[in-house]
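The values are calculated or read from the model by the stated rules, or taken from the named source; none is laboratory data. Everything numeric in this text was worked out from a predicted model, so none of it was measured. Here the Cβ is made from the backbone with ideal geometry for all residues, glycine too, and neighbour counts use every protein chain on show.
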Amino acid sequence: MSILLYTSKMFIFIFLIIASLAYATYVRNTIWKDEMAFWKDVEIKSPLKERGYNNLGITYSKKRMYEEAIHEYQIALKINPHLPLLYNNLGKAYHEEGKLDDAIKKYVMAISLKSDYSEAYYNLGNLYRDKGRLSDAIKEYQTALRLKPDYPGAHTNLGNIYYIQGRIDEAVEEYLTAIRYNPDHTEAHYNLGNAYFKIGRFADAIKEYMAVLEIEPDYEDALHNLRLLQRKGGKAHY
């Protein structure tokens, strides 16, 4: 074989390798751009692993496609029925679909598999809140916070129940704690503003509504309440 022919074949071989790698990279990048397509691709390549089904379920949930999410989580659980995360995610999808009793069963199952699963206790608290079982909701939030004291969402939602029950001082404390752990927690700032508004601490309420609008300028409820306070004689302008 002549050197020229050998060199030409090597060039073609190297070119084909580079081209195939470039195409594979292009395909992979295209898939990555579409999260749903990516996880469907993972399912195809690894049909006996729960990861793809779980993450596709999460993607469907983000798009509010809860029936599709439930289907994916159920497949994942058939593959791995001992993973608490899957029961928790399925519970959240059932909750969003309004299937509250089914959601309770899944949260309880998640907790039975992982007794220190703070998010499952938190989600169970949210569900009890939605069912009007406020005492049970408080218990679940408190358990979540015992396991994870720096849980802003649990502090905020516990504060919301205290607010509903007229326990304003306790609500204020929970909102302040949530903000301490997450200074940009708009709901905690907004609800703290409402609590201050309710007990006549108007200057403090204005401060909290302003904090909300600094984080999220289009927060209509905060803007509305701030204008109400301005009409009461507050000095803040927005």
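Which number in (1) assigned to a loop (DSSP other than H, G, I, E, B); (2) at pLDDT below 95 marks the one condition that Val42 misses?
All conditions pass for Val42, except number (1).
Can you tell me which of (1) surrounded by 16 or more Cβ atoms within 10 Å (Cβ to Cβ); (2) more than 16 Å from the chain's Cα centre (by Cα) is the one Asn80 doesn't meet?
(1)
Got at least one residue in segment 183-198 being buried (at least 20 other Cβ atoms within 10 Å of the Cβ), among the β-branched types (Val, Ile, Thr) and under 19 Å from the mean Cα position of the chain (by Cα)?
Looking for residues that are buried (at least 20 other Cβ atoms within 10 Å of the Cβ), among the β-branched types (Val, Ile, Thr) and under 19 Å from the mean Cα position of the chain (by Cα), one finds none in segment 183-198, hence no.
Taking Arg28 and the conditions (1) modelled with pLDDT under 90; (2) charged (D, E, K, R); (3) under 20 Å from His71 (Cα atoms), which numbered condition does it fall short on, given that it satisfies the others?
(3)
Which condition breaks for Leu113 when tested against (1) free of Cβ contacts under 8 Å to residues at least 12 places away in the same chain; (2) more than 28 Å from Glu220 (Cα to Cα); (3) more than 20 Å from the chain's Cα centre (by Cα)?
Against the list (1) free of Cβ contacts under 8 Å to residues at least 12 places away in the same chain; (2) more than 28 Å from Glu220 (Cα to Cα); (3) more than 20 Å from the chain's Cα centre (by Cα), Leu113 comes up short only on (1).
Could you check, for segment 75-86, whether at least one of its residues is of a type outside the set (A, V, I, L, M), more than 30 Å from Gln165 (Cβ to Cβ) and in a helix (DSSP H, G or I)?
yes
If Pro47 satisfies every condition in (1) in a helix (DSSP H, G or I); (2) modelled with pLDDT of 90 or more but one, which is the exception?
Checking Pro47 against (1) in a helix (DSSP H, G or I); (2) modelled with pLDDT of 90 or more, the one that fails is (1).
Please enumerate the residues belonging to segment 162-182 that are over 20 Å from the mean Cα position of the chain (by Cα) and aliphatic (A, V, I, L, M).
Of everything in segment 162-182, those that are over 20 Å from the mean Cα position of the chain (by Cα) and aliphatic (A, V, I, L, M) turn out to be Ile164, Ile168, Ala171, Val172, Leu176.
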